[in-house]
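Chemist: This is the structure I want to talk about, given as structure tokens.
The values are calculated or read from the model by the stated rules, or taken from the named source; none is laboratory data. Note that the structure is predicted; figures quoted are calculated from it, not measured. With ideal geometry, Cβ positions are generated from the backbone for all residues, glycine too; neighbour counts draw on all protein chains shown.
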């Protein structure tokens, strides 16, 4: 069997920074919050393998762009496939390598900083990017790191590197992805958008459930879980928010605002507004004028 190798792949890109390169700038708060020590790209990295029994003092983010590989850490092995990322926490014994039959291409970065605790870097699970645009964004952010590291090592460039690293981690962990929101969350989001597009109507729970082919019990429970309100109470709250905005920013009369929000009876609207806001529509507008 061919020996495993750590680097030296055709077409690879790699930057390894000595502490002397960035230590003069570590007093700057934007640099010490997030900085890299190594970054690279290994394309079609057949026989790639790395093992560190003691771990290292930095976090390691691996992003597989093609093929597949494996990461072994904490007594378990995780397969890493195309468009998946994995973070190896600092100080942990680990090994990783390319699959023998379909070797990976990987972008990788070693990083540290005072703000690493803002991200769930210890989850030790593969994170999949479902969106093609998310993959493109992450690849572009790595290309920015390579570009700035080819320039001079200045304070300004290290600040730029810090910000790009933060974006890479935000893209990986926090930007909304197809698989990051629960099905319940997505349903509620879609229903809220439908409500906002139908503020001029008297929407019923039956109609809302029918529109999305969901049961009453599911819709009620989903809204309680995601908003703390029943669906119709949430819809009413949204209407009152819209009414407040119209009272503040337009000269429309109370009857006109009531009609715009689907209330046929302006007196009923006024009572509902007073119950929700604590003032009548007229008193609310007068109070805003005083301010």
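Chemist: For residue 21, all conditions in the list (1) surrounded by 14 or more Cβ atoms within 10 Å (Cβ to Cβ); (2) at pLDDT below 95; (3) in contact with a strand residue (DSSP E or B) (Cβ under 6 Å, 6 or more places away or on another chain) hold save one; what is the number of the exception?
Modeler: (3)
Chemist: Starting from residues that are part of a loop (DSSP other than H, G, I, E, B) and in contact (Cβ under 8 Å) with a residue 24 or more places away in the chain, keep the ones in segment 216-262 and report whichever is surrounded by the most Cβ atoms within 10 Å (Cβ to Cβ).
Modeler: 261
Chemist: To continue, here is another question. How about segment 270-280: which of its residues are part of a helix (DSSP H, G or I) and within 39 Å of the chain's Cα centre (by Cα)?
Modeler: 272, 273, 274, 275, 276, 277, listed by residue number.
Chemist: Looking at 107, 141 in this structure, which one is touching a residue at least 60 places away in the same chain (Cβ under 8 Å) and in the same structural domain as residue 35 (by TED's automatic domain parsing)?
Modeler: Result of the check over 107, 141: 107.
Residues are listed down the side, and each one gets a yes or a no for (1) farther than 23 Å from residue 85 by Cα; (2) more than 15 Å from the chain's Cα centre (by Cα); (3) in a helix (DSSP H, G or I); (4) free of Cβ contacts under 8 Å to residues at least 24 places away in the same chain:
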site	(1), (2), (3), (4)
134	no, no, yes, no
137	no, no, yes, no
152	yes, yes, no, yes
163	no, yes, yes, no
168	no, no, yes, no
187	yes, yes, yes, no
200	yes, yes, no, no
209	yes, yes, yes, yes
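Chemist: I've got another one for you. Considering segment 73-91 alone, what residues qualify as being surrounded by 15 or more Cβ atoms within 10 Å (Cβ to Cβ) and out of contact with any helix residue (DSSP H, G or I) (no Cβ under 6 Å at 6 or more places or on another chain)?
Modeler: Result: 73, 78, 80, 81, 82, 84, 86, 87, 88, 89, 90.
Chemist: Go through (1) under 21 Å from the mean Cα position of the chain (by Cα); (2) at negative phi; (3) surrounded by fewer than 19 Cβ atoms within 10 Å (Cβ to Cβ) one by one and return the number of the condition residue 101 breaks.
Modeler: (1)
Chemist: Okay, moving on. Just give me the residues in segment 25-47 being free of Cβ contacts under 8 Å to residues at least 60 places away in the same chain and in a helix (DSSP H, G or I), in sequence order. Give the steps one after another, and end with the answer.
Modeler: First pass over segment 25-47, keeping only residues free of Cβ contacts under 8 Å to residues at least 60 places away in the same chain: 26-27, 29, 46-47.
29 - this is the single residue of segment 25-47 that is free of Cβ contacts under 8 Å to residues at least 60 places away in the same chain and in a helix (DSSP H, G or I).
Chemist: Looking at 63, 15, 9, can you tell me which residue is assigned to a strand (DSSP E or B), buried (at least 18 other Cβ atoms within 10 Å of the Cβ) and in contact (Cβ under 8 Å) with a residue 24 or more places away in the chain?
Modeler: The unique qualifying residue is 63.
Chemist: Of all the residues that make up segment 119-129, how many are in contact with a strand residue (DSSP E or B) (Cβ under 6 Å, 6 or more places away or on another chain), more than 30 Å from residue 23 (Cβ to Cβ) and buried (at least 19 other Cβ atoms within 10 Å of the Cβ)?
Modeler: Qualifying residue count for the region: 1.
Chemist: Scan segment 100-118 residue by residue and report those that are outside any helix (DSSP H, G or I) and in contact with a strand residue (DSSP E or B) (Cβ under 8 Å, 6 or more places away or on another chain). Spell out the reasoning first.
Modeler: Of the residues in segment 100-118, the ones outside any helix (DSSP H, G or I) are 100-115.
Hits for segment 100-118 are 102, 103, 104, 105, 106, 107, 108, 109, 110, 111, 112, 113.
Chemist: Here's something else I'd like to know. With the structure loaded, tell me whether residue 51 is at pLDDT below 90 and either within 16 Å of residue 160 (Cβ to Cβ) or assigned by TED's automatic domain parsing to the domain that holds residue 97 (or both) or whether it fails that test.
Modeler: no
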